[in-house]
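Take a look at the structure set out below.
Coordinate-derived values only; no laboratory data. Here the structure is a predicted model, which means the values were calculated and not measured. All Cβ positions, glycine included, derive from the backbone under ideal geometry; neighbour counts span all protein chains shown.
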Amino acid sequence: MMARRAGPETIDDAGVVIVDKAPGVTSHDVVSSMRKLFNTRRVGHAGTLDPMATGVLIIGVERATKMLGLLALETKEYTATIRLGAATDTDDVEGTVLSTADASAVTDEQIHQAVARFRGDIDQVPAKVSAIKVDGRRAHALMRTGEEFDLKPRRVTVSRFDIVAIRRAVGGPVDVDVEVECSTGTYVRSLARDVGEVLGVGGHLTALRRTRVGPFGLEHARTIEELTEKPSLSLTIDEVATLAFPRRDITDADAESISQGRWLEPVGMKGVYAVVDPHGQAIALVQEKGRRASSVMVVRPATLRRPPES
């Protein structure tokens, strides 16, 4: 087990762990496991992943938890399987079947045409098992009570919705393997539902795997079993800062200044970016406003900065 350093806070154990989540495990379960493995309470996640889903879950450890809310994670990628021939109340295989239909007569061409309708900017009604709030209560909690409610459509972007394979079982449902690239807030289960509705046979997800969130993909990810055997960060806090944000190199004098909470001269960079000292250390995440480039998060306060090695 990776022991937590005693004494004052350090930057050495701060970073992110990209977990390849297994099915049947909640995001909260993963956080609990990481707290035990890294022997710290300072663990959080950036965006939940449904229990039935697998794949990329971003976990922040120690000081990197402060960075999670600033990460640019607008784009997500998935692989999924849509089953045509049945609709469920959760839009996935774990829900109660609401209707069934014979999907064998639906042609491949019709499936391709239906999928094409949901590319680009679309208005999507979220799944009722989502975490969207309705009158102050989560939709998934309301659904469990049996209360009737409707969710309003939301504009989302589906950049890519490609069919990889169409599999037909004799006398059974039609399974469509797809790859999806979409904006945050898009529900792939809703895509499955809507494709099924367009085809008139119903549809739901039987498998969902998140392969990428922003710049973080499966190439960075490890399973909980692998992490249990060897707990270690996927990316240090410096690597996260330079991978997930634009970079601005600064002098030692500027680094000292912003590490103490002062501001820098703006250089015309938009959005949040990382300022990095001559020794490759991320000092802060800053944003320019008017005549100042001010920190939105000090990665290395003056108390945590290492002196340059001679």
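A few points about this structure:
- Ordering of 280-293, 29-42 by packing [mean C-beta count within 10 Å, highest first]: 280-293, 29-42
- Charge dipole magnitude, Cβ of K and R +1, D and E -1 - the chain, Cα centre, debye nearest 20: 940
- Rounded to the nearest 20 debye, dipole of the stretch 1-119 from Cβ charges on Lys, Arg, Asp, Glu: 740
- Averaging the Cα positions of each part gives two centres, and for the stretch 207-222 and the stretch 61-123 these lie 16 Å apart.
- Calculated SAXS-style log₁₀ I(q)/I(0) at q = 0.20 Å⁻¹ - the stretch 207-293, Debye, Cα scatterers: -0.91
- Charging the Cβ of each Asp and Glu at -1 and of each Lys and Arg at +1, and nothing else, the dipole of the stretch 246-298 about its Cα centre rounds to 340 debye.
- Backbone HN-Hα couplings from phi across the stretch 33-38 [Karplus 6.51/-1.76/1.60, Hz, Gly and Pro as x]: 5, 5, 4, 6, 5, 9
- Note on K289: aspartates and glutamates with a C-alpha under 14 Å away, same-chain residues under 8 apart excluded, are E265.
- At R0 = 41 Å, FRET efficiency that the Cβ-Cβ distance of R248 and D29 yields, to 0.05: 0.60
- Selection among A116, P215, G200 by position relative to the dipole of the chain gives P215 as farthest towards the positive end (Cβ unit charges, Cα centre).
- 12 Å beta-carbon shell around M297, net charge (K/R +1, D/E -1): +3
- Residues whose amide H lies under 5 Å from that of A207, counting only those 5 or more places away or on a different chain, are T81; hydrogens are built 1.01 Å from N in the peptide plane.
- Degrees between helix 188-199 axis and first principal axis of the chain (Cα, 0 to 90, nearest 10): 20
- Over 22 Å (Cα to Cα) - which of K76/K230; K36/K66; K21/K76; K66/K152 fall in this group: K76/K230; K66/K152
- The aspartates and glutamates whose alpha-carbon is closer than 17 Å to the alpha-carbon of K270, local same-chain residues fewer than 8 away aside, are E74, D249, E288.
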